[in-house]
Amino acid sequence: MSAHDDVDLGHTVAGWTGTAVALVGFTATGLGMIAVSAALVVSGILVIVLSAVVTWILHLAGWGKPSGPRPADQWDWRVKDLAARQGHPNCLGCRMAGRRTRVVVRPGTQVPASPASGTPRPAHVLGAEAPVE
């Protein structure tokens with residue numbers, strides 16, 4: 001039993017790689033501040049930006065994770081997300097890459113009322129998700 005019990009902390013190859021690259025960038029930027037070296041500060045900032053790009057690319061390649069909890073068999077950081085190619089719903093990174101998902105409401109699907117207002121929810125909140133073609 002782990003110290004975290006049944007929690008999906010989202011440890012992924014994309015997350016660990018992006019964190020490591022960003023740590024190098026922040027270290028270089030900090031050393032540049034101490035050494036009063038504009039070149040080292042700028043280099044560190046560029047590495048920090050590179051960490052975001054590397055994380056994004058790895059996420060799109062399936063080494064990240066979608067928003068929300070995953071099934072327990074996918075909690076290991078080495079598990080590749082096979083659904084990443086179609087894009088994740090409400091994922092900014094996937095939308096930026098042009099991987100948009102749309103929600104299709106099947107005929108006969110009832111739209112339940114919103115718990116707060118008692119009014120029906122918009123249809124785009126419910127239904128089966130399908131990739132946009």
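Please treat every number below as a calculation from the coordinates, not as lab data. What you see is a predicted model, and the numbers here were worked out from it, not measured in a lab. Note that each Cβ is placed from the backbone with ideal geometry, even for glycine, and that neighbours are counted across all protein chains shown.
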Step through the residues of the stretch 42-53 one at a time and calculate ³J(HN,Hα) from phi using the Karplus curve (6.51 cos²θ - 1.76 cosθ + 1.60, θ = phi - 60°), rounding each to whole Hz and writing x for Gly and Pro.
5, 4, x, 5, 5, 5, 5, 5, 4, 4, 5, 5
Evaluate the distance, in nm, between pseudo-label points positioned 7 Å from the Cα of Ser43 and of Leu31 along their respective Cα→Cβ axes.
0.7
Evaluate the distance, in nm, between pseudo-label points positioned 7 Å from the Cα of His11 and of Ala83 along their respective Cα→Cβ axes.
2.3
At 7 Å along the Cα-to-beta-carbon direction for both Gln74 and Val24, put a label point, then send me their distance in nm to one decimal.
3.0
